[in-house]
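Scroll down for the structure; my scribbles are underneath it.
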Amino acid sequence: MGFQNGRLLPPTVHQMVIFGARLSCLMHLEYITLGAYFALLIVIGAVFARFNKNLSDFVRGGARGTWWMVGTSMLMAGISAFTFTGNASAIYEAGPSAVIIYLANITGFILGATFLGRWWRQSRAYTSGDLVRARFGLGAEQTFVVTGIILNPLHAAIQLWALAVFVSAVFGIPVIWMIVIIGLITLAYSTTGGMWGVMATDVVQGVIMYGMTLLMGVLCIMEVGGVGAFIDNYQKMVAEGSFTFVKEDGQYPNNRYTGLWMVMAFVMQIISQIHIGAANKYLASKDGKVASQASWFCMVLMAVGVAVWFIPPMVARFLYADEVMAAAVGDPATTSYAVAAAHVLPNGLLGVMIAAMFSATMSSMDWGLNTTTGILVNNFILPIRRWLGKAKLSDLFQLRLCRGITIFLGLLIITMSIGLSKQDKFAMFDSYMILASVLSVPLTLPLVVGIFIRKMPGWYYFVMLGGGMVMSIYTMVDEKMNGNVWALQERSFVVIIGALVALGIAWPWRHKRSSEDLDRETELWERVGTPVDFDKEVGGSLDGAQARITGNLILVTGGLLAAFLLVPNTLGDRFIIICLVSFVLACGGWLRFVEGRKDT
């Protein structure tokens, strides 16, 4: 197309071909981005596969993890696409009320930084199952193992479902296909790389996710007209009652976001953060000091993240409400983040945003796969073999066993997620919270109380578990038989009260414990109070190797992102892409050229 003698001429065939090629390129760019991203994840798993030589390497990275690797991996394991779908839906409809969950996460990381992380690493445990056995005995350990084998895959399946819905809303690909693709990719690098592969991919994914979500927060503020305009819109929503922090009874179904709801949501989340079974996140650290540093680092990342993660769904409520509610999914508000991303991101970066969402769920799923595999092998299969008098398995066979079980669990998660996607009884947010209130709270509350009451006998684990489960079962029976609807906060409250009442009833008999129990508990508390001497107990520092390999991978990622500068965009949009590329390259360069020199 051009001008001749002041007249607009029709486009030539050559120009039409070029235009069509460019349009086709833009339409397929997101798919190319995701394809390259998936290939990168598989490469990371293959690169770190050589770090795995025994069970310890596969399930806890040989206890050689640095603060930045463990801390970033903890962050990525603590969030998922649920943050940008289910929780974004809650923010879209109710404002910042659901942020209380992330404030609980921050509190949990502060406790981990001040003492819990150091304790757990200094326990010298391979898995959290080892810690449960050391604190409460064999019966509690096996209960923890069996329930974990059931609940952990279900938890991962819910997260996978959430991500598939998000991607389906953007690309129009059927949810089931997305579940299968995402699940198989995660399974591939988790199986080859073990915990090393999990942590390394978490760092690479974390840099992409963090950069993109920071960018999204800034762009959404600009889209709404600046900080002042955002505050004005927010205040309008508060004035009409939608965005008040604490809601009134009856304002939302099941009295969500009321004062009691917020208290119980905080309590439930803090329990999930600090119980003994959650100790796995610290066990890969080099020593107690590194575990504390990793938790402080994660806390800072989480605090900054919370400040920007939920800006886009609120902006979507301000500007794109009709478009969000027109989405052809069961809960249209779950697409609010995706809708905002489609409006504010430059050409090409939507695929990167989707990759960031992939990273959030994949990191939760891969962590769950690895830790569940470790517990199943270390705390179930190997003890049974010892009890049967079987010969000890070689390190190579143990690695093969871990990989085989990882494959089985991954396929199970994919199957469960497909099943969840076909039901319409529960919304995502409610599914996650119901699972937590009905099962997770009674199972994990004793694992929190046992930390702070050192003289609590091991058999009290079953006392508290029984008290909580009785009330949990009562609420479910009451709903089924009498039609009474138990809100999340009500169910959680009575479950916790039931467990604490059972503890109070049994308290006079707290001295009824065997000498074996006393010896086991005494040994545990002495061990957690003794600092780890890394050189003597572990040795073979890999600080520099971790940083160099991971830094190189991030630098390659930054180089690939720079290719988006070739995509047709305005000068302002190209500047946005340069900002993202600079962030990624800065992170990779720091790892490669600063941290990477530590053991050279």
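Only helices reaching 30 angstrom along their own axis (Cα) with mean Kyte-Doolittle hydropathy no lower than 0.0 count here, and for the DSSP H runs of the chain these are 13-48, 138-171, 175-224, 288-309, 349-376, 395-421, 460-482, 571-593.
Rounded to the nearest Å, what's the spacing between the alpha carbon centres of the stretch 196-255 and the stretch 51-107? Just the number, please. The stretch 196-255 and the stretch 51-107 have Cα centres separated by 17 Å. Relative to one another, the C-alpha centroids of the stretch 123-176 and the stretch 431-501 are positioned 19 Å apart. Cβ crowding within 10 Å, taken as a proxy for footprinting-reagent exposure, orders SER295, SER89 from fewest neighbours to most as SER89, SER295.
Only Cα pairs under 8 Å and at least 6 apart count here; give the relative contact order of the chain as a rounded whole percent. Value for the chain: 26 percent.
For the peptides 512-520, 477-485, 557-565, the ranking by mean Cβ contacts within 10 Å, running from highest to lowest, is 557-565, 512-520, 477-485. Of the trypsin sites (Lys or Arg not before Pro) found in the stretch 393-423, the ones in coil according to DSSP and having at most 11 other Cβ atoms within 10 Å of their Cβ are LYS422.
Per residue, the average separation of C-alpha pairs within less than 8 Å and at least 6 apart gives the stretch 547-600 a relative contact order of 60 percent. In this structure, the residue pairs whose Cα-Cα separation is over 20 Å, taken from LYS422/LYS480; LYS281/LYS392; LYS286/LYS455; LYS281/LYS390; LYS455/LYS512; LYS53/LYS286, are LYS422/LYS480; LYS281/LYS392; LYS286/LYS455; LYS281/LYS390.
Which shape class, rounded, prolate or oblate, goes with the stretch 547-600 when its Cα gyration tensor gives a ≥ b ≥ c as root eigenvalues, a/c under 1.5 marks rounded, and past that a/b bigger than b/c marks prolate? Cα axes put the stretch 547-600 in the prolate bin. Over the chain, DSSP H runs of length four or greater, each weighted -39,500 (n - 2.57), average out per residue to a 222 nm ellipticity of -24000 deg cm²/dmol. Listed by chain and number, the lysines placed with their C-alpha closer than 18 angstrom to that of LYS236 are LYS247; residues fewer than eight positions away on the same chain are left out. Over 17 Å apart: what share of the alpha carbon pairs of the stretch 362-415 falls there, rounded to a whole percent? Above the 17 Å cut-off, the stretch 362-415 has 38 percent of its Cα pairs.
Normalised by the number of residues in the stretch 68-199, the average gap of Cα pairs under 8 Å and 6 or more apart makes the relative contact order 27 percent. Would the chain count as rounded, prolate or oblate if I go by the C-alpha gyration tensor, calling it rounded below 1.5 in a/c and otherwise prolate when a/b exceeds b/c, oblate otherwise? Oblate.
Taken together, the values in this text are just the output of simple stated rules run on the coordinates, not laboratory data. Since the structure is predicted, the reported quantities are computational estimates derived from the model, not experimental observations. So basically every Cβ, Gly included, is an ideal-geometry build from the backbone, and we count neighbours across all protein chains shown.
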